[in-house]
Amino acid sequence: MVRRNFLKTISAGGVLLITPPGLHGMTETNAMKRVSLLQHNEILTADIVIIGGGLGGVASALSSLRNGKKVILTEETDWLGGQLTQQGVPPDEHPWIEHTGSTKTYRNFRHRIRDYYKRNYPLKEHLRDIPYLNPGNASVSRFCHEPRVALAVINELLAPYISSGRLTLLYRYKAVKSTTREDRVEDVTVKNILTGDSKILKGQYFVDATELGDLLPLTGTEFVTGSESQKDTGELHAPQEADPANVQAFTVCFAMDYLPGENHVIPRPKDYPFWRNFTPQLKQPWPGKLLDLHYSNPRTLERRELCFDPTEKGCGNIFNLWSYRRIADKNNFEEGTYRSDISLVNWPQNDYFLGNLIGASNREFHSYVEGGKQLSLSLLYWLQTEAPRHDGGKGWPGLRLRKDILGSDDGLAKYPYVRESRRIKSLFTVTEQHVGKENRALVATTDKDRAAFFHDSVGIGYYPIDLHPSTGMQNYIDMDALRFQIPLGALLPIRMKNLIPANKNIGTTHITNGCYRLHPVEWNIGEAVGELLSFSLDNRHTPHQIREQQAILSDFQSLLRSRGIESEWPSDEELEKMKY
């Protein structure tokens with residue numbers, strides 16, 4: 001057999017495509033069709049491959065690029081930024097965030113968002129020089145802003161690396177399979193969800209920064225889901241029996257403004273009759289219908305009254321949902337800039353807990369997300385037509401769905417706000433005994449009012465332990481946490497050597513995920529991962545070796561501190577001066 005009739009090669013985009021023996025004797029047309037299919041499986045190579053473009057993925061990419069590494073970053077949607085942008089959730093933060101309790105780059109990111117407003121928006125003159133501008137003046141956080149502004153800043157931060165060719169950014173790509181050899185990932189195949197085109201991504205390290213821990217099952221990495229039992233973890237508030245299918249609700253957020261005297265009532269959602277009459281059947285009772293101005297107090301589960309009034313005139317001392325997650329306060333801007341405030345809706349009333357996205361088939365996933373969308377649209381329709389008013393009337397027809405704010409055709413977030421993911425089985429697991437205030441007081445022999453000390457800390461954070469109603473029909477679990485550290489051991493799988501988590505998929509439990517899942521902590525995790533993998537490549541240590549050998553770990557932690565990644569909280573006296 002003549003060799004050239006057996007083996008035919010072409011070069012496409014630097015990838016050598018070889019016509020297999022099975023194509024011998026095929027017509028030229030059929031052979032070219034086969035070649036075309038192979039071309040769709042383009043091979044891309046980098047030092048570090050990051051799957052998922054949320055805050056953890058972005059921070060991981062930035063820190064890797066800062067260290068001179070070549071990076072591939074993929075994202076399922078067409079917006080980077082995860083919960084802050086595509087999911088539409090303004091920052092959930094703590095009282096010291098302006099000075100400590102996050103990485104230096106996270107605080108710089110926040111500063112750049114404020115600066116973006118000052119450079120591009122018609123702010124009132126007296127606000128241009130204040131250091132802690134809060135565009136939305138919301139009650140949930142010291143800093144609430146429009147998702148598009150955060151997106152613009154993320155794009156600015158990444159722009160030079162894209163231009164230099166060190167960052168390859170793939171939008172609309174989802175991981176679909178992986179090749180592994182023993183305890184290492186060799187490649188990940190990603191597929192464009194619009195075109196069907198596939199690419200094979202190769203790297204020395206892989207980062208799972210997806211919202212649901214998608215790489216864990218694809219790579220055979222050991223993981224857990226749902227709630228552990230007290231027997232599993234010894235946690236004070238863990239249930240007697242484990243339930244792997246019990247995960248927190250997700251939420252499909254949306255934005256709205258209010259134009260009095262106008263009618264912006266949407267068509268009645270097809271599932272409105274269901275949601276209008278829906279009463280959650282939780283194991284700890286919910287106080288009435290979901291679409292109502294009452295909910296379960298997260299701490300006590302007692303009935304708590306809420307108010308909704310976009311005019312802000314009729315709520316008195318009752319909590320007003322309108323200003324809760326407001327992302328634009330019209331009073332911050334020159335007259336005529338905004339016709340109304342803009343409020344982001346991520347409330348108890350649109351938490352969807354009738355379906356579990358983890359492990360769902362594509363059909364189930366889209367069905368559950370559609371259910372979450374129908375719930376959010378039903379909430380909006382209820383607010384427009386039936387919500388009780390302080391003047392005795394019903395409904396606010398002037399509420400307008402702001403489709404432009406979240407960049408989608410239907411006006412809803414591009415991706416559901418996911419609170420809970422698959423979690424790696426890690427070298428070290430953070431439990432309630434480590435960070436829960438009540439549980440810590442029961443088990444600690446000293447420093448009962450401090451979280452456990454982690455010798456391998458790669459960051460710090462704080463948020464209460466906050467678990468929303470769940471698919472296991474559990475009501476809120478909400479309790480005080482202590483200011484905590486992020487242990488390196490929680491970022492290292494028990495077996496896999498070159499796959500590292502960088503989102504909500506680290507080694508926490510169902511309970512402690514409730515305080516490690518917020519914006520600044522996710523960013524810190526991602527940034528620490530980028531630094532970890534860069535340090536590994538530069539010094540030829542594996543991530544596991546870095547943790548195992550104290551001298552190497554100390555060098556790595558010193559590097560982190562030099563980069564503005566704190567490993568311990570300041571003293572109580574210092575914090576008191578920083579608290580707002």
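The values are calculated or read from the model by the stated rules, or taken from the named source; none is laboratory data. The structure presented is a predicted model; accordingly, all values stated were derived computationally and were not measured. As a convention, Cβ positions derive from the backbone with ideal geometry for all residues, glycine included, and neighbour counts pool all protein chains shown.
Assorted remarks:
- Against the numbered list (1) among the polar types (S, T, N, Q); (2) surrounded by 21 or more Cβ atoms within 10 Å (Cβ to Cβ); (3) without any contact (Cβ under 8 Å) to a residue 60 or more places away in the chain, THR445 comes up short only at (2).
- Number of residues in segment 461-476 that are surrounded by fewer than 24 Cβ atoms within 10 Å (Cβ to Cβ) and either without any contact (Cβ under 8 Å) to a residue 40 or more places away in the chain or not aromatic (Phe, Trp, Tyr) (or both): the value is 9.
- Being surrounded by 13 or more Cβ atoms within 10 Å (Cβ to Cβ), over 24 Å from the mean Cα position of the chain (by Cα) and outside the structural domain of ASN346 (by TED's automatic domain parsing) is a condition met by no residue of segment 143-160.
- Check on ARG303, surrounded by fewer than 17 Cβ atoms within 10 Å (Cβ to Cβ), more than 20 Å from GLY136 (Cα to Cα) and of a type outside the set (Ser, Thr, Tyr): yes
- Test for ALA209: is it within 30 Å of PRO135 (Cβ to Cβ), assigned by TED's automatic domain parsing to the domain that holds LEU65, in contact (Cβ under 8 Å) with a residue 40 or more places away in the chain and not acidic (Asp, Glu): yes
- All conditions in (1) surrounded by 22 or more Cβ atoms within 10 Å (Cβ to Cβ); (2) under 30 Å from ILE113 (Cα atoms) hold for LEU375, with the sole exception of (2).
- Sole exception among (1) more than 26 Å from SER323 (Cβ to Cβ); (2) in contact (Cβ under 8 Å) with a residue 24 or more places away in the chain for LEU375, by number: (1)
- Residue match in segment 91-108 (condition: over 19 Å from MET578 (Cα atoms) and not aliphatic (A, V, I, L, M)): no
- Filter result (surrounded by 15 or more Cβ atoms within 10 Å (Cβ to Cβ) and not basic (Lys, Arg)) within segment 165-182: LEU167, THR168, LEU169, LEU170, TYR171, TYR173, ALA175, SER178, THR180
- Selection from segment 286-324 of residues that are among the aliphatic types (A, V, I, L, M) and either assigned to a loop (DSSP other than H, G, I, E, B) or touching a residue at least 40 places away in the same chain (Cβ under 8 Å) (or both): LEU290, LEU291, LEU293, LEU301, LEU306, ILE318
- Residue match in segment 138-152 (condition: acidic (Asp, Glu) and in a loop (DSSP other than H, G, I, E, B)): yes
- When ILE511, ILE525 are screened for being in the same structural domain as HIS455 (by TED's automatic domain parsing), closer than 30 Å to LYS448 by Cβ and part of a loop (DSSP other than H, G, I, E, B), only ILE511 passes.
- Filter result for GLY25 (at positive phi, assigned to a loop (DSSP other than H, G, I, E, B) and modelled with pLDDT under 95): yes
- When residues of segment 414-438 are limited to those that are farther than 25 Å from ALA209 by Cα and surrounded by fewer than 24 Cβ atoms within 10 Å (Cβ to Cβ), the one farthest from the chain's Cα centre (by Cα): GLU438
- Residues being under 26 Å from ARG422 (Cβ atoms), outside any loop (DSSP other than H, G, I, E, B) and under 17 Å from the mean Cα position of the chain (by Cα) - total across segment 340-352: 2
- For segment 538-580, the set of residues classified as without any contact (Cβ under 8 Å) to a residue 60 or more places away in the chain, exposed (fewer than 12 other Cβ atoms within 10 Å of the Cβ) and not in a helix (DSSP H, G or I) consists of ARG540, SER571, listed by residue number.
- Lone unmet requirement of (1) touching a residue at least 24 places away in the same chain (Cβ under 8 Å); (2) outside any helix (DSSP H, G or I); (3) out of contact with any Gly (no Cβ under 6 Å at 6 or more places or on another chain) for ILE327: (3)
- Residues of segment 193-221 satisfying the condition of being touching a helix residue (DSSP H, G or I) at 6+ places or on another chain (Cβ under 6 Å), closer than 12 Å to ILE50 by Cβ and part of a loop (DSSP other than H, G, I, E, B): ALA209
- Selection of segment 454-496 for residues being under 18 Å from the mean Cα position of the chain (by Cα) and among the small types (Gly, Ala, Ser) yields GLY459, GLY461, SER470, ALA490.
- Considering residues of segment 244-263 that are in contact with a Phe, Trp or Tyr (Cβ under 9 Å, 6 or more places away or on another chain) and part of a loop (DSSP other than H, G, I, E, B) only, the residue surrounded by the most Cβ atoms within 10 Å (Cβ to Cβ): VAL247
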